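Have a look at the structure below before the remarks.
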Amino acid sequence: MNDNDDAVSDLIRLCEESPLDGLNAIAMFDDELAQKPVILFAKFTAQRRLALARFFSHGHTGYENLSREELHKTFTSAELEQAHAALVTVAAIERIDPNYLPALNTGGDQWALSSIDSVAIPLERLRPGSVQQILGWTKPNYLGTDRIGFVPGLLDAAPPELLRKVLNGRVSSPEVFKSIIVLSWGGTGDDLYLTIQLLKEDYNSTPTVGDAGMLSTLHIYENGRTERSEDGPGDDQEGLHHPNREHLLSEAEMLLRYENDPGRRKYLEQMVEWLNGRGPRPEQRQIESPGDESDDGSSDGNGPAAWQWIAGGILVLCLLSLLF
């Protein structure tokens, strides 16, 4: 049985028009046949139809203007379970033949990959983190606009095509994240990137963005390449592109005048260098100094509040404080 067989075309058509009958037919296949990518794609087609049937019956054609509450009206637990099953099938296809699904797109038409988006979006928005757990990757736009934060001014400052490509591109991370903050953009020519902070929880559900749990900081390039902040991006001009550079620079310089701890002074000096375009962005771990902490959580007589604020990462907290 191959992709050109009339039987395959008939099966896919059956899965599209009568998904339950299609799934029952596939259940009768032996294991070897059932694990062929073309059969798995037919199975995905049926699962997708079941997941979206209620959504389409309500007259919806896209997710652009739908809130999470509105999605709940058309995706019950039954539909979400079908969406989950559909992505499990996609994961199986990509494991067996990573090139199968991209090869279905011809002439610039991304219909096969768009079909994945159509079930991934509601599942991710109603069950945060689930898409990444199933597929090993996700797309920022799957999260929805309420779980993507931007540093003020960035939407106007960053190139629109860069934003479109990065937010609609695949992101892989060993850490499951439920929201993101887009911090800045950088690069030159055809090598542009966004710097994105991954957050463990949905920042809408925590008292502050900082309480959502900082994970990795990624540089995601327009061409889809991803680097962790400690690995790149190799562009020391990133700080110059930050829309709030002058504000952050004045804050860092002010703190530097009053900071006596050598480790934290070094961090602030590196931050000033970055914002002036003369060095890489400093890492949060560079200012953590647990050895200075006393039993009650204070350090050097500054009190617990001062230590927690500094050790939490001046750069991250300054960036996130600008959001609220």
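Derivation of every value follows stated rules applied to the coordinates shown; laboratory data play no part. Everything numeric here is computed off the predicted structure, so don't read it as measured data.
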**Prompt:** Tell me which lysines have Cα within less than 21 Å of LYS200's Cα, excluding those fewer than 8 residues away on the same chain?
**Reply:** LYS139, LYS178
**Item:** Over the stretch 15-88, equivalent-ellipsoid semi-axes from the Cα gyration tensor in Å
**Value:** 27, 11, 10
